[in-house]
Amino acid sequence: MTTLLLALLSGVLSIFPRFDGVILEVSDPRGLDASATTVLVSGFQLVVATGAPLTLPRTNTPIWLKALECDSLGFRALLDSSIIAVDYGFNSDSTVLLLFARTSDPVTIPMLAWREPPLMPDTSRAWTDSLLFASLERGLASPWLENFDCVVIDPGHGGRDPGAVGPAGTFEKNRTLEIALMVRDLLRVKLPHVRVVMTRTTDEYVSLGARTRMANLNRADLFVSIHCNASTNREAYGSETFFLSRARTSDARTVELLENQVVEMDEEALSPEDPLSFILADMAQSIFLYNSSSLASSIQERLAGAFPESRNRGVKQAGFHVLRGAYMPSVLVEVAFISNPEQERNLLSLDFRFRAAQAIVDAIVAYAEGASQ
């Protein structure tokens, strides 16, 4: 760097940090005289001898200045190692001298995205257990069910839980996910105003309790769990739809036992169930019994129409863990028997899975239309 010879009588020192360096301003309203001051820039030392004292600004030293001090003759500063040049100049009437220490490493300042204060939370839709308990205790439905705006679709099993395995090695978890994704896509077309939430969209393990908690947290209006049936009798075939209640037939108890086996994989099942949640689930089961039964009947009717060559096994009741704790109408659909060689092949067919998904969607659409009336 070079030596600059400048002069002034006396004045005030001001500092103006910039993103690309720092401006040091020496000002005096009486005017400046260049013959009385020496400004020396040597290495990273900046020394300005004014011949008169300067007032040190009461501001924090910016990052471009490592040290700054004033004395009776002027000021001295230690520049940051990124400073590559010091430029200077007077204003038009010689009352201000500016020194600009320019850096080779400008600071990037991000654009501000905040435009207004954040919105206040909508406390009217924050349903706590106590508010839910108050509604269910009076025999009322969950408070959020007034508007039909959310459906949770649950592809059965997943991840380390393959579900039932067909004679040719087909995993239930894969077929249920494929059907559920079709249901999601069809619902987005037929009910564009309704939010569709999936408990899983990939081959991942989701505990039974987490699935219904997801439905409750999303304030869902319906919870539909999609499965493939299995039996030790390889000739068993057809579709059936369940809603949550105590199993009344031996077949229903068998399916209940089969689907509930996954509870042993859930870490959360090892801890005692929350008493309030148990009471709420029991209340919800009674309140939503009719709606769940009605939806199950509608789905089963449409599955029978989609597959007239198959067996309509009807609507049944069972105590599935995946439906417990859901504070909205909920059903479990057994689309076909993956244990039956012919139906296993059907489940590998895109046309078969599409027709099954369409039947489930048509029933949900009909339910939504009835709920909005």
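The values are calculated or read from the model by the stated rules, or taken from the named source; none is laboratory data. Everything quoted here is computed from the prediction, not taken from an experiment. All Cβ positions, even for glycine, are placed from backbone atoms using ideal geometry, and neighbour counts span all protein chains on display. Note: areas computed on protein heavy atoms with side chains; ligands, DNA, RNA excluded. Shrake-Rupley method; radii C 1.70, N 1.55, O 1.52, S 1.80 Å.
For the range 195-241, which positions are under 26 Å from residue 307 (Cβ atoms) and of a type in the set (A, V, I, L, M)?
Selection gives 196, 198, 222, 224, 226, 230, 236.
Would you check if there is a residue in the range 32-42 being open to solvent by less than 70 Å² (accessible area, probe 1.4 Å), modelled with pLDDT of 70 or more and not in a strand (DSSP E or B)?
There is no residue in the range 32-42 that is open to solvent by less than 70 Å² (accessible area, probe 1.4 Å), modelled with pLDDT of 70 or more and not in a strand (DSSP E or B).
If you scan the range 50-64, which residues turn out to be outside any loop (DSSP other than H, G, I, E, B) and surrounded by 19 or more Cβ atoms within 10 Å (Cβ to Cβ)?
54
Limited to the range 1-26, what total is found for residues that are surrounded by 15 or more Cβ atoms within 10 Å (Cβ to Cβ) and modelled with pLDDT of 80 or more?
Total satisfying the criteria: 11.
On the given criteria, is residue 77 surrounded by 13 or more Cβ atoms within 10 Å (Cβ to Cβ) and either within 55 Å of the chain's Cα centre (by Cα) or at pLDDT 75 or above (or both)?
Taking the combined requirement at face value, the residue satisfies it.
State whether the residues of the range 274-284 include one that is assigned to a strand (DSSP E or B), touching a helix residue (DSSP H, G or I) at 6+ places or on another chain (Cβ under 8 Å), modelled with pLDDT under 70 and open to solvent by less than 10 Å² (accessible area, probe 1.4 Å).
No; the residues of the range 274-284 include none that is assigned to a strand (DSSP E or B), touching a helix residue (DSSP H, G or I) at 6+ places or on another chain (Cβ under 8 Å), modelled with pLDDT under 70 and open to solvent by less than 10 Å² (accessible area, probe 1.4 Å).
Scanning for something open to solvent by 10 Å² or more (accessible area, probe 1.4 Å), at pLDDT 95 or above and assigned to a helix (DSSP H, G or I), does the range 314-326 turn up at least one residue?
Checking the range 314-326: not a single residue is open to solvent by 10 Å² or more (accessible area, probe 1.4 Å), at pLDDT 95 or above and assigned to a helix (DSSP H, G or I).
Pick from the range 340-373 the residues that are modelled with pLDDT under 95 and part of a loop (DSSP other than H, G, I, E, B): which of them is most open to solvent (accessible area, probe 1.4 Å)?
Ranking the candidates gives 373 first.
Being farther than 11 Å from residue 336 by Cα, within 19 Å of the chain's Cα centre (by Cα) and open to solvent by 10 Å² or more (accessible area, probe 1.4 Å) narrows it down to one of 213, 234, so name that one.
Sole residue among the options that is farther than 11 Å from residue 336 by Cα, within 19 Å of the chain's Cα centre (by Cα) and open to solvent by 10 Å² or more (accessible area, probe 1.4 Å): 213.
Quick one: is residue 94 assigned to a loop (DSSP other than H, G, I, E, B), modelled with pLDDT under 85, surrounded by 13 or more Cβ atoms within 10 Å (Cβ to Cβ) and of a type in the set (Gly, Ala, Ser)?
So residue 94 passes the test.
Hey, could you check the range 297-313 for residues that are part of a helix (DSSP H, G or I) and in contact with a strand residue (DSSP E or B) (Cβ under 7 Å, 6 or more places away or on another chain) and say which is most open to solvent (accessible area, probe 1.4 Å)?
Among those that are part of a helix (DSSP H, G or I) and in contact with a strand residue (DSSP E or B) (Cβ under 7 Å, 6 or more places away or on another chain), it is 297.
Filter the range 187-197 down to the residues that are open to solvent by 30 Å² or more (accessible area, probe 1.4 Å) and part of a helix (DSSP H, G or I), then identify the one that is farthest from residue 222 (Cα to Cα).
The extreme case among them is 189.
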